[in-house]
Amino acid sequence: MQHGLQVLVFAAVVVSTLAVDCSTQQDGIYEIGCRSFARCTGAKVTIVDCDKGMVYNNATGSCDDPHNVAPPCGVMKDCSNQKDGKYADMDQHCHSYYTCFDGKFLGHNPCPSTLVFNEELQTCDWAANVNPPCGTNKP
């Protein structure tokens with residue numbers, strides 16, 4: 001089980017690195033998640049992984065103690081009775097989701113501003129494609 005988590009984390013880092021192209025971006029922070037973010041400086045990308053127990057603070061643009069960070073990143077969810085998977089964060093009106101694995105909370109991820117989380121597809125999606133309570137699709 002531990003090996004599977006390591007592979008999952010490695011794959012996420014590789015995809016994140018490949019997904020950020022800083023050659024046409026202004027210097028700044030892109031591809032923000034609660035546990036990591038991409039920083040473009042001089043057309044080069046640096047993936048910043050927050051230390052264990054720390055999360056991304058949008059107000060400061062750096063990693064911080066969760067107690068200093070606004071939701072969703074500053075809020076931990078109880079995954080002790082959840083199956084492995086991603087779950088819409090209802091407290092954030094489904095504009096973010098959190099991941100549970102092996103009964104542990106792995107963190108939040110925001111959806112792009114115009115999307116909500118689709119639990120059925122396990123990805124962010126247009127509200128018109130997502131069933132209530134997150135979306136407006138009528139099953």
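The values are calculated or read from the model by the stated rules, or taken from the named source; none is laboratory data. Note that the structure is predicted; figures quoted are calculated from it, not measured. All Cβ positions, even for glycine, are placed from backbone atoms using ideal geometry, and neighbour counts span all protein chains on display. Protein only, heavy atoms only, side chains kept; ligands, DNA and RNA dropped before computing areas. Shrake-Rupley method; radii C 1.70, N 1.55, O 1.52, S 1.80 Å.
Some observations on this one:
- Hydrodynamic radius by Kirkwood, which averages 1/r over all alpha carbon pairs of the chain, in angstrom: 16.0
- Too-long pairs where the Cα-Cα distance tops 32 Å, listed order kept, from Lys77/Lys138; Lys44/Lys104; Lys52/Lys83: Lys44/Lys104
- Folded to 0 to 90 degrees: helix 2-19 orientation relative to the chain principal axis, Cα: 60
- In the chain, helices alone account for a calculated mean residue ellipticity at 222 nm of -4500 deg cm²/dmol, with every DSSP H run of four or more residues adding -39,500 (n - 2.57).
- Solvent exposure of the chain, expressed per residue, is 64 Å² of accessible area, with all protein chains present and a 1.4 angstrom probe.
- Radius 10 Å from Cβ of Met54, net charge of other residues (Lys, Arg +1; Asp, Glu -1): -2
- Test item: Cα-centred dipole of the chain, Lys/Arg +1 and Asp/Glu -1 on Cβ, debye: 100
- Annotation: amide H-H contacts under 5 Å for Cys111 (H modelled 1.01 Å from N, sequence separation of 5 or more, or interchain): Ser96, Tyr97.
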